[in-house]
1. Between a first residue in region 78-104 that is outside any loop (DSSP other than H, G, I, E, B) and a second residue that is open to solvent by 30 Å² or more (accessible area, probe 1.4 Å), which pairs have beta carbons less than 6 Å apart while being 6 or more apart in sequence or on different chains?
2. Which condition from (1) outside any strand (DSSP E or B); (2) closer than 16 Å to Trp173 by Cβ is the one that Tyr246 breaks?
3. Does Val486 qualify as being among the β-branched types (Val, Ile, Thr), at negative phi, buried (at least 20 other Cβ atoms within 10 Å of the Cβ) and not in a strand (DSSP E or B)?
4. Regarding Leu367, is this residue in a strand (DSSP E or B), closer than 18 Å to Ile427 by Cα and modelled with pLDDT under 95?
5. Given the conditions (1) part of a loop (DSSP other than H, G, I, E, B); (2) of a type outside the set (S, T, N, Q); (3) surrounded by fewer than 17 Cβ atoms within 10 Å (Cβ to Cβ); (4) at pLDDT 90 or above, which single one is not true for His451?
6. Being open to solvent by 30 Å² or more (accessible area, probe 1.4 Å) and not hydroxyl-bearing (Ser, Thr, Tyr) is the filter; apply it to region 248-259 and report the residue that is modelled with the lowest pLDDT.
7. Among the residues of region 470-482, write down those that are under 30 Å from Leu381 (Cβ atoms) and touching a Ser or Thr at 6+ places or on another chain (Cβ under 9 Å).
8. Residues of region 339-358 being assigned to a strand (DSSP E or B), touching a Pro at 6+ places or on another chain (Cβ under 6 Å) and open to solvent by less than 50 Å² (accessible area, probe 1.4 Å), which ones?
Amino acid sequence: MADVRLESPLFNVKGGMWLKGNLHTHTSRSDGRSDPQEMARAYAKMGHDFLMLSDHDILGEPEKLDGCGMVLLNGSEVSNNGPHLLDVGARRRVEPRHDRQIAIRSIKRTSGFAVLCHPNWTEDFNHWRFETLLGLADYAGIEIFNGFGLDLPGSHLALDKWDRLLAEGRMLWGYANDDAHRVEQIGRGWNVVLVAKRTKEAILDALRTGCFYASSGVAIESIAAEGSTLVVRAPEAEAIEVYAPYGKRVARTNGPEMRFDASNVFAPFIRVECIGRAGAMAWTQPILLRGGPFEDRQKRFAKLAGKSKPTLKMLRAARAPKFTGRLDDPLWAKARPSSAFLRIDDGQKPAVKTEVRAIVTATHLYLGARCEEPELDKMRLRINADDDGGMWADDSVEFFFVVGQTFVSDHRGWQTGMSALPEYFQIIVNANGFVYGTDALTGRTLTGKIHAKSDRYEGGWTLELAIPLKALGGSTKRGKQWGFHVCRNRSGVGGTFVWSWVGTSNHSPARFGRLAF
């Protein structure tokens, strides 16, 4: 087994200093109670080393203030016309465009860098919806702690969305900020950078590149790597925990010190939470795991992914196939089959064959699947009604559609976003012909609009699916392509087979194959 190495910008700073500061505070220039100088004095009195005043849609003027020993950063909170975001280190006022992707790219191109504010604010805990966060590109991270959120509906924390974004391959940083509007609200959250010099440029670079930790009251004295072992010391912590993707806790140590050997963690990264008294916390940024079994597998699967971007070509037909569930209409024989399935656990070829075909008419998309199954008596079939989201746990086939999307990644393979939010559909049919369908963005059900039938043959089972094109939208002109994926769940005897290589989750639209019209 290859040795695991831990990577973090924190490990690259030799003889550096920890500097504490806040990036989100309001003054009487917008909706705060105190004038800018009063807020600056209050933060300096609390022992902050740097401060950014971020009034709504107003460019700060730190050069006019006495920093009281602090490094003052220029900034603004882009607020009008949509969800809020910080322009950290702003050099100009950015127009608050309703299309937040335009605003974020304007920040990156001509100003500072963007941090998205209080994702779980408001009664629906959705000031920034997860799908929106996943769809946007070119921002540095999100506020995982927002102190003002303690006084408002929703949650002041956004660890749930951060964990999901990281697990989807988005290398985004987690920031902790006050969002103070009154002096009595300051000091709830802050960021601690590790820098070689006490300068504005060094602080901004650390905040942009993840060379910091976020805190709501716990200080990390040191964090280091000794080979595959992570060493953390936080004198105020009563416990230290390590988390892997999707918020899975993989280790916990009671007390202020932890030594954790990450060599057996099967994941691309870990992050650390230090837990103090009365709910105080500190959060490290993601620490990458290099080498070892996970990265070895990912490199091998990356080759699979490059080879496994299959395309299913449609048969255009003037009439609908006779709908029997048996694929016995002559049109199905004319439709080109695809059986390029892989086992999701190891990328190897399955022991049984799964084949899919597609037909399109002027009004409907028809999908057919033939599933080889030598052990029909062992199939798992618990669902006996439509519109049950747990149908994936039966012997079933799942179909996924992304209409008109372009996805982008950086040079490391981390996703940097999508060109726009996807119309992302999932349809599941079990071997008894019951169906579940949903728009994954809105939760809008498609069940009732979709027609499905199934049948058995000696050594397997078949299904046919009819979907009105109006239910999916998108162009079906010749030459058009949709993102498309198929997953077969062989639940009775065990096994999950994927048509396009998606890694560990079917809900990874950037890795889908194509449906060609």
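The values are calculated or read from the model by the stated rules, or taken from the named source; none is laboratory data. Every value quoted in this text rests on a predicted model; they were computed, and no experiment measured them. Virtual Cβ from ideal backbone geometry, glycine too; neighbours counted across all protein chains shown. Calculation scope for accessible area: heavy atoms of the full protein, side chains included, ligands and nucleic acids excluded. Shrake-Rupley method; radii C 1.70, N 1.55, O 1.52, S 1.80 Å.
1. Ala103/Arg97; Ile104/Asp138
2. Looking at each condition in turn, Tyr246 falls short on (2).
3. no
4. The answer is no for Leu367.
5. (1)
6. Of everything passing the filter in region 248-259, Lys248 is modelled with the lowest pLDDT.
7. Across region 470-482, the qualifying residue is only Trp482.
8. Glu355, Arg357
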